[in-house]
Amino acid sequence: MKSVRLRLFTGIGLLIAFFVGLAWVLNTFYLSDYYRYQKTSFLIKTAEDIDRAYKGTPADLSRELEGLERNSGLSIIILDSTYNLKYYSRTVLDLISKKDEVLAALVNNKKELQNRGSLSVVTQDPVLQTDFLNLIYMLDNQEILILSTPLLAIEESASIGNRFFLYTGLLTLLLGAIAAFLLARQFTSPILELKDIAQNMAKLDFSKKYERESADELGELGKSINSLSDQLSLSIAELQAANQKLQADIERERKIDQMRKEFVSNVSHELKTPIALIQGYAEGLRLGVTEDSEDKEYYCDVIVDEANKMNKLVKELLDLSQIESGYFTLEKSPFDYSAYVDDILTKLEPIIKEKSLEIQVNKQPDVWVNADLIRSEQVLVNYLSNALNHVDEKGLIKLNVAEREGKVRTSVFNSGQPIPEEALDKIFISFYKVDKARTRSYGGTGLGLSVVRAIQELDGNQYGVQNLPGGVEFWFELDKF
């Protein structure tokens, strides 16, 4: 297998040889034509300059024409429209000796001259065997301008240039081969170093680094190899971290499964008691355990009360499941929250009077919010019911509505025992009850605050609970309109 260094050296050497040969071929076959093209362009430009300055009298331009003859080595002749001589330069003898040949070309190509405005003709001196480039140009006044320059210098220059280029090309080829060898060695050295580093990495040895600093692709490759080495050196630690994360995920799944089982167990427990009571009292009525109408009415009241508790539990379970499913959306609309709170308090007025309580309300009129009417009522009623059921003998309940930073915060305070600190972050969990016996006594299901949490999280607004001196305060926020 050929090394990269040998292939690079061979490729650069052949490339240099190709371009040297190509340049020599181009010089040999096309340099004369290029020189002739440049001379023709020069003659045309000179003729155009003369045409612009010429007014029909050659004597007016004698100094300018003489300057062109001496400085540019031109022979100049001007013929009138009938081809009679009007002006000729001092060096025009050679041109006069070829006058017949030039005039023959002029006559034969008169129509082309009239169409194009100029003709270029190459003639040869039969004695000196020297070629001349002649430009026949029709002036604006229909007179004929003939410019002539020898081509001998062009041919000789091209021949000398080709021979010189052949020698310099061979020297360039030799020096290029040496430079190609040095360049190939310099170019492949970092590649070989990178190969060694990669082989060490394959053996899980990441201690060797690419130390060369360069702003080219090899430098970038070296940085990439170093970065890859660093990443691979951390792979074991990352795998260990991933393994630990996987174990944590498994543990979390286990806890979720445990919570699911506890949820089912809690639902079963919550339904078991009312079902047992309903079954017991219904069985007693069926067997005629008592004939007293008051006892029968009591039995029926117990059955209805327990059925209401089960109905409430099922409704809250359905609400919580619907909200947490991800398919439920809040139907938000702007409304007067201050009047809305008054309506809710009016609905709860029978319960408030029954408990001989009075709620202190602190709010401003015309407080508008953008929220879901039904779900906002559900949250506020849950908080107020919770306060009514947990207020102590002082009977102090405060409802406060305040605007702050684009939000409307509603807080419900009730006097009573504070919530244990370890329960503050758990109280919004489904079926969590600080006092299960007391919760059962007023018909609580342990789902009301879970529904509050689900609604507020769906709405993207804050909620919470805090112990205050003399009682507990629950609060939630709505978007201000």
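The values are calculated or read from the model by the stated rules, or taken from the named source; none is laboratory data. Computed from a prediction, not measured in an experiment: that's the story for all the values here. Note: ideal-geometry Cβ built from the backbone for every residue, glycine included; neighbour counts use all protein chains shown.
Key figures
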quantity: Checking G406 against (1) touching a Pro at 6+ places or on another chain (Cβ under 9 Å); (2) in contact (Cβ under 8 Å) with a residue 40 or more places away in the chain, the condition it does not meet; calculated: (1)
quantity: Some residue of the range 288-296 being under 24 Å from V452 (Cβ atoms) and at pLDDT 75 or above; calculated: no
quantity: Selection count where residues are touching a residue at least 60 places away in the same chain (Cβ under 8 Å) and assigned to a helix (DSSP H, G or I), scope the range 326-361; calculated: 3
quantity: Enumeration of residues in the range 24-46 that are farther than 20 Å from L139 by Cα, surrounded by fewer than 16 Cβ atoms within 10 Å (Cβ to Cβ) and of a type outside the set (F, W, Y); calculated: V25, L26, T28, D33, Q38
quantity: Qualifying positions in the range 181-220 - in contact (Cβ under 8 Å) with a residue 12 or more places away in the chain and within 19 Å of R7 (Cβ to Cβ); calculated: F181, L183, A184, R185, F187, T188, P190, I191, E193, L194, L218
quantity: Condition check for K355: among the basic types (K, R), modelled with pLDDT under 90 and over 19 Å from F476 (Cβ atoms); calculated: yes
quantity: Matching residues in the range 404-426 - criterion: being closer than 18 Å to N461 by Cβ and surrounded by 15 or more Cβ atoms within 10 Å (Cβ to Cβ); calculated: K407, V408, R409, T410, S411, V412
quantity: Selection status of D319, surrounded by 14 or more Cβ atoms within 10 Å (Cβ to Cβ), at pLDDT below 85, assigned to a helix (DSSP H, G or I) and not aromatic (F, W, Y); calculated: yes
quantity: Filtered residues of the range 12-47 (kept if farther than 19 Å from F132 by Cα and in contact (Cβ under 8 Å) with a residue 40 or more places away in the chain); calculated: I12, G13, I16, A17, V20, G21, A23, W24, N27, T28
quantity: Test for F181: is it of a type in the set (A, V, I, L, M, F, W, C), part of a helix (DSSP H, G or I) and within 30 Å of L74 (Cβ to Cβ); calculated: no
